[in-house]
1. For the stretch 153-203, which residues satisfy the criterion of being outside any helix (DSSP H, G or I), of a type outside the set (A, V, I, L, M, F, W, C) and within 16 Å of the ligand (Cβ to nearest atom)?
2. Where residues in the stretch 57-79 are assigned to a strand (DSSP E or B) and buried (at least 20 other Cβ atoms within 10 Å of the Cβ), which of them is nearest to the ligand (Cβ to nearest atom)?
3. Does the stretch 320-343 contain at least one residue that is within 16 Å of the ligand (Cβ to nearest atom) and surrounded by 13 or more Cβ atoms within 10 Å (Cβ to Cβ)?
4. State which residue is surrounded by the fewest Cβ atoms within 10 Å (Cβ to Cβ) when the search covers only the stretch 107-138 and only residues that are of a type in the set (A, V, I, L, M) and under 21 Å from the mean Cα position of the chain (by Cα).
5. Output the residue which, of all residues in the stretch 372-394 that are of a type in the set (A, V, I, L, M) and closer than 30 Å to ARG483 by Cα, is surrounded by the fewest Cβ atoms within 10 Å (Cβ to Cβ).
6. Any residue that is more than 26 Å from the chain's Cα centre (by Cα) and either closer than 30 Å to TYR222 by Cα or small (Gly, Ala, Ser) (or both) - is there at least one of those in the stretch 84-94?
7. So which of ASN38, ASN97 is farther than 25 Å from VAL179 by Cα, open to solvent by 10 Å² or more (accessible area, probe 1.4 Å) and not β-branched (Val, Ile, Thr)?
8. Filter the stretch 400-420 for residues that are open to solvent by less than 30 Å² (accessible area, probe 1.4 Å) and closer than 27 Å to ALA223 by Cα; which is nearest to the ligand (Cβ to nearest atom)?
Amino acid sequence: MEKSALQIARASYQPKLPKALQGAVKVKEGAPTQSVDNQDEIKKLFPNTYGMPVVEFVPSDETNNTRMNVGIILSGGQAPGGHNVITGLFDQIKKLNPENRLFGFILGPGGLVDHNYMELTKDIVDEYRNTGGFDMIGSGRTKLEKVEQFEKGLEIIRELDIKAIVIIGGDDSNTNACVLAEYYAAKNYGVQVIGCPKTIDGDLKNEQIETSFGFDTACKTYAELIGNIERDCNSARKYWHFIKVMGRSASHIALECALQCQPNVCLISEEVEKNDMTLNQIVDQLCETIAYRASNGYNFGTVIVPEGLIEFIPAIGRLIDELNDLLALHGADYKDLDKKAQREYIISHLTPDNAATFKTLPAGVARQLSLDRDPHGNVQVSLIETEKLLSDMCEARLAEWKNEGRYVGSFAAQHHFFGYEGRCAAPSNFDSDYCYALGTSAAQLIANGKTGYMAIVKNTTASAEEWIAGGVPITMMMNMERRNGEMKPVIKKALVELDGKPYKELVANRDHWAKETCYIYPGPIQYWGPSDVCDQPTKTLALEQGK
Ligand code: FBP
């Protein structure tokens with residue numbers, strides 16, 4: 001593999017480990033836990049993995065040299081730092097016992113089912129230290145949920161004498177990890193399953209998980225780009241830039257980028273939902289800002305749009321809920337019809353309110369909502385051009401206002417979507433350290449006989465030495481939700497809290513940012529240099545932890 005100068009230099013970075021993980025460890029167990037909601041149902045569904053305690057690793061004098069082979073799976077969207085989870089896991093299992101072996105399943109959970117794997121040796125692992133991407137073994141979105149898949153997986157687990165599977169994934173993948181852990185425990189197969197909290201979206205967090213890995217690097221990458229656009233915008237003073245940023249559901253990425261860059265507008269999907277706003281109201285609000293700035297001679301600005309916005313507009317959300325059920329029950333009846341017939345079929349099967357909303361949407365958006373889903377049943381919001389939809393609607397509204405004498409400016413829009421470019425960036429120091437510690441924790445959870453746990457690292461706004469590592473039972477994070485027309489146990493997604501400090505910080509400043517030009521230019525991620533340039537956590541994490 002030919003390498004860049006940065007990659008060569010960065011390979012020798014030694015991630016910092018929490019003090020408690022630097023030597024031999026023992027487990028300190030907390031009190032029994034319960035799920036965040038629907039306790040009776042979840043307990044019934046997970047009789048073998050429900051109620052286990054949160055655990056913390058503390059230093060020990062006794063060395064543990066458990067002999068264990070481990071299988072690792074990268075699941076879902078890429079997130080910077082995934083390779084460091086693997087290197088942390090690899091280094092730790094080898095430290096426990098040099099005979100231990102690590103197997104990577106290729107292209108996600110499907111690799112386990114299809115017996116597609118490779119052994120990850122030191123030579124291979126060393127090539128990927130502190131690099132972005134998931135290309136060491138690849139990732140995929142196959143949903144692991146059927147008994148046949150679990151049994152197929154078991155065949156290769158037995159063949160390779162694997163003691164535990166580590167699944168690095170988001171809320172859906174960790175939900176599946178928990179189901180797999182429960183299944184293997186119920187069957188007494190003696191195979192452990194451990195999860196690791198990954199996703200740039202930042203929506204896999206709760207009292208135990210402070211942040212999902214990748215959020216830090218992805219946001220810093222987008223913030224660099226947004227800052228560059230803001231500077232261009234403030235130099236040319238002739239464009240409104242509509243910038244959509246990834247985050248399938250929650251607006252954490254949009255909010256963090258806004259806190260880092262201070263754009264003129266940042267929409268927050270959760271607020272739109274709470275205020276029961278329509279698309280027209282959002283456009284009106286945007287146009288108020290555009291018109292106000294124009295009245296002061298500022299025919300330019302920046303707007304951050306969260307990727308998931310469309311699903312959070314209540315009327316559209318209700319439509320999607322009904323379309324999900326329709327797709328689950330009757331999808332096969334209309335998926336092969338031509339486009340016009342499909343549209344007619346759908347409209348005739350929707351309730352009148354939802355049919356009316358459906359008819360108002362541009363054809364491309366309507367099609368996205370009604371047909372295309374990822375394997376977990378999610379609308380593929382990254383394919384919907386919300387930024388274009390909004391700017392087109394603003395242009396039309398401003399033209400009306402111009403006729404009415406309410407607007408005196410000129411409006412020209414540029415569109416951007418920042419998503420994929422942030423998912424494989426070289427991990428920041430935070431993500432490099434955090435992921436290495438997560439991998440190390442995962443190894444210790446296995447060595448200490450745990451299953452159905454997610455590796456965790458807490459106290460992450462302190463220096464890495466002071467971080468606290470351990471594990472949380474996955475059932476503790478679960479509740480029941482409707483998915484594909486059925487009630488299912490799932491990990492509760494963390495949306496932006498409207499009484500949380502990061503959102504309140506936005507609200508306290510946004511009028512000022514809208515009217516004036518207060519842009520901040522964060523610049524590129526720095527890997528070497530003063531700690532306040534290189535080692536800062538996200539603003540979200542700092543504010544959440546009162547820093
Ligand atoms: P995960 O939740 O699997 O980490 O994926 C997050 C994400 O990057 C979303 O922000 C985005 O909507 C989606 O993946 C895009 O998926 P794909 O890579 O399949 O296009």
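1. Just the residues of the stretch 153-203 that are outside any helix (DSSP H, G or I), to begin with: 160-170, 187-203.
Filter once more, so that each one left must be of a type outside the set (A, V, I, L, M, F, W, C): 161, 163, 169-170, 187-190, 192, 195, 197-199, 201-203.
Hits for the stretch 153-203 are GLY169, GLY170, GLY195, PRO197, LYS198, THR199, ASP201, GLY202, ASP203.
2. Going residue by residue through the stretch 57-79, those that are assigned to a strand (DSSP E or B) are 57-59, 69-75.
Filter once more, so that each one left must be buried (at least 20 other Cβ atoms within 10 Å of the Cβ): 57, 70-75.
Numbers: PHE57: 26, VAL70: 22, GLY71: 20, ILE72: 16, ILE73: 13, LEU74: 10, SER75: 7 Å.
The qualifying residue nearest to the ligand (Cβ to nearest atom) is SER75.
3. Filtering the stretch 320-343 down to residues within 16 Å of the ligand (Cβ to nearest atom) leaves 320.
Cutting the leftovers down to surrounded by 13 or more Cβ atoms within 10 Å (Cβ to Cβ) gives us 320.
Yes: the stretch 320-343 contains one or more residues that are within 16 Å of the ligand (Cβ to nearest atom) and surrounded by 13 or more Cβ atoms within 10 Å (Cβ to Cβ).
4. Taking the stretch 107-138 and keeping what is of a type in the set (A, V, I, L, M), we get 107, 112-113, 118, 120, 124-125, 136-137.
With the extra rule that they be under 21 Å from the mean Cα position of the chain (by Cα), the set shrinks to 107, 136-137.
On the way: LEU107: 17, MET136: 21, ILE137: 24.
That would be LEU107.
5. Applying the filter and picking the extreme gives LEU383.
6. no
7. Details: ASN38 fails: farther than 25 Å from VAL179 by Cα.
One residue alone meets the criteria, ASN97.
8. First, the residues of the stretch 400-420 that are open to solvent by less than 30 Å² (accessible area, probe 1.4 Å): 401, 407, 409, 418-419.
Filter once more, so that each one left must be closer than 27 Å to ALA223 by Cα: 418-419.
On the way: PHE418: 11, GLY419: 6 Å.
Among those that are open to solvent by less than 30 Å² (accessible area, probe 1.4 Å) and closer than 27 Å to ALA223 by Cα, it is GLY419.
The values are calculated or read from the model by the stated rules, or taken from the named source; none is laboratory data. This is a predicted model, so every value here is computed, not measured. Backbone-built Cβ (ideal geometry, glycine too); neighbour counts: all protein chains shown. The area values use the complete protein model at the heavy-atom level, side chains included, leaving out ligands, DNA and RNA. Shrake-Rupley method; radii C 1.70, N 1.55, O 1.52, S 1.80 Å.
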